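Contents: one structure, followed by commentary.
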Amino acid sequence: DFYRAAPKDVVLVVTHLAVLDSARKEEIEASLAMLDKAVERLNMAGVNLIMLGGDPVHLHHGDEGHKRILERLHALTKVPLTTSSQALAEAFQFLSSQQILMVSSWRPESKHLLERLRDFLLAEGIEIVAVETTQRSLLSIEKSVMTPAQIYDHVVTAYNKNPNVDAIFIQSGTMATVDIIEDLEEKTGKPVVSTNSAKIWGSFKTLNIAVGRGYGRLLSSL
């Protein structure tokens, strides 16, 4: 998704944490312990901005835990640093969207993840008023097998059940979504934001990087 939207002179530098299954507490806590080292590695690479992805990690201890993580990591770097959850909240605020339909890839045993994200967004003035699933029970690492066409069909089905919303959120940083966002907006008439489009927007707006048209309202605003 990043390289679909990014200009040719923009590079994504990635360092991974420890999450294969976002429902496993031990993997989340192992990832939290790796954050300082991850920021150190990205600093060594000379990046211009750090985006911490993975809501299960930075929302593990709720809104207050999220604030503590930001404070802790800001002290380790001189470049702008934010999280995918913060970027998502700012994206909906930018789009003036308060009532959200969430198409979730989290499994039933990850209900706590949904509640933490719901609480975080609510504190930012955004309410998840309906949740539909992608109808496949996948581990975090397995979500990449879903094709954009399958995701498109799931989102349209979810919207047809819940048309009275301000915007649609496709949750998952491992599913390819940016190429279907504009088609979904034309189909539903609503702004559509995915985890990846929010991360791209949240990064690029800070660095004044333009994307242009073809990837939905949010990214076309850059």
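The values are calculated or read from the model by the stated rules, or taken from the named source; none is laboratory data. Just so we're clear, the structure is a prediction, and the values are computed from it rather than from any experiment. Note that each Cβ is placed from the backbone with ideal geometry, even for glycine, and that neighbours are counted across all protein chains shown. These area figures cover heavy atoms from the full protein model, side chains too; ligands, DNA and RNA do not enter into them. Shrake-Rupley method; radii C 1.70, N 1.55, O 1.52, S 1.80 Å.
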_Quick check on this structure: which one of 86, 93 is touching a helix residue (DSSP H, G or I) at 6+ places or on another chain (Cβ under 9 Å), open to solvent by 30 Å² or more (accessible area, probe 1.4 Å) and not aromatic (Phe, Trp, Tyr)?_
86
*Considering every residue within region 161-169, establish whether at least one is under 30 Å from residue 79 (Cα atoms) and in contact (Cβ under 8 Å) with a residue 24 or more places away in the chain.*
yes
*Which one of 81, 114 is aliphatic (A, V, I, L, M) and either open to solvent by 50 Å² or more (accessible area, probe 1.4 Å) or within 21 Å of residue 168 (Cα to Cα) (or both)?*
114
*Kindly indicate which of 39, 10, 57 is buried (at least 17 other Cβ atoms within 10 Å of the Cβ), in contact (Cβ under 8 Å) with a residue 24 or more places away in the chain and farther than 20 Å from residue 105 by Cα.*
39
*Considering region 198-222 alone, what residues qualify as being open to solvent by 40 Å² or more (accessible area, probe 1.4 Å) and touching a strand residue (DSSP E or B) at 6+ places or on another chain (Cβ under 6 Å)?*
199
*Among 103, 13, 39, 79, which is of a type in the set (A, V, I, L, M) and closer than 26 Å to residue 190 by Cα?*
103
*Within region 63-77, track down each residue that is in contact with a helix residue (DSSP H, G or I) (Cβ under 9 Å, 6 or more places away or on another chain) and either open to solvent by less than 20 Å² (accessible area, probe 1.4 Å) or farther than 20 Å from residue 198 by Cα (or both).*
65, 66, 69, 72, 73, 76, 77
*Please specify each residue of region 200-222 satisfying the condition of being basic (Lys, Arg) and within 17 Å of the chain's Cα centre (by Cα).*
205, 217
*Selection status of residue 103, under 19 Å from residue 158 (Cβ atoms), modelled with pLDDT of 85 or more, in contact with a helix residue (DSSP H, G or I) (Cβ under 9 Å, 6 or more places away or on another chain) and of a type in the set (Val, Ile, Thr)*: yes
*Could you tell me whether residue 52 is surrounded by fewer than 19 Cβ atoms within 10 Å (Cβ to Cβ), modelled with pLDDT of 90 or more and farther than 19 Å from residue 104 by Cβ?*
no
*Residues in region 20-36 that are assigned to a loop (DSSP other than H, G, I, E, B) and either open to solvent by 50 Å² or more (accessible area, probe 1.4 Å) or at pLDDT 75 or above (or both): how many?*
2
_Going residue by residue through region 103-121, is there one that turns out to be touching a strand residue (DSSP E or B) at 6+ places or on another chain (Cβ under 6 Å) and outside any helix (DSSP H, G or I)?_
yes
